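One structure is given below, encoded as structure tokens.
The values are calculated or read from the model by the stated rules, or taken from the named source; none is laboratory data. Note that the structure is a prediction, hence the values are computed from the model and not measured. Every residue, glycine as well, gets a Cβ built from its backbone with ideal geometry; the counts of neighbours run over all protein chains shown.
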């Protein structure tokens with residue numbers, strides 16, 4: 001996935017681990033966070049066999065849903081909280097459902113918002 005316009009190459013690493021988020025300030029823009037989360041969630045669902053590897057729609061649909069949830073984060077997202085969420089996704093088993101209704105506490109949009 002290509003980084004969103006306006007992001008730096010240091011954030012364009014793999015997001016299957018929290019280190020993929022890169023260094024930077026304490027705040028991540030909503031669209032950048034949605035990019036990281038959608039990539040990680042779709043990679044998880046593909047690895048678990050819930051989404052086929054050729055189903056490119058996953059990231060766009062998930063990103064759109066995430067942007068709706070993250071719009072409330074008018075000051076951006078906490079890089080620390082986003083790393084914890086990406087780590088939780090990376091470490092989760094295939095039995096873990098990452099739908100909006102059952103998202104883990106680490107990834108609730110309210111806890112991702114910068115304060």
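Restricting to segment 46-70, name every residue that is touching a residue at least 12 places away in the same chain (Cβ under 8 Å) and buried (at least 19 other Cβ atoms within 10 Å of the Cβ).
58, 59, 62, 63, 66, 70
May I ask you to list the residues in segment 71-83 that are buried (at least 18 other Cβ atoms within 10 Å of the Cβ) and touching a residue at least 40 places away in the same chain (Cβ under 8 Å)?
The answer is 73, 76, 77, 78, 79, 82, 83.
For segment 42-83, give me the residue count where each residue is out of contact with any strand residue (DSSP E or B) (no Cβ under 9 Å at 6 or more places or on another chain) and closer than 23 Å to residue 26 by Cβ.
7
Considering only residues that are buried (at least 16 other Cβ atoms within 10 Å of the Cβ), at pLDDT 80 or above and either under 12 Å from the mean Cα position of the chain (by Cα) or assigned to a loop (DSSP other than H, G, I, E, B) (or both), which ones fall in segment 93-114?
Hits for segment 93-114 are 107, 112, 114.
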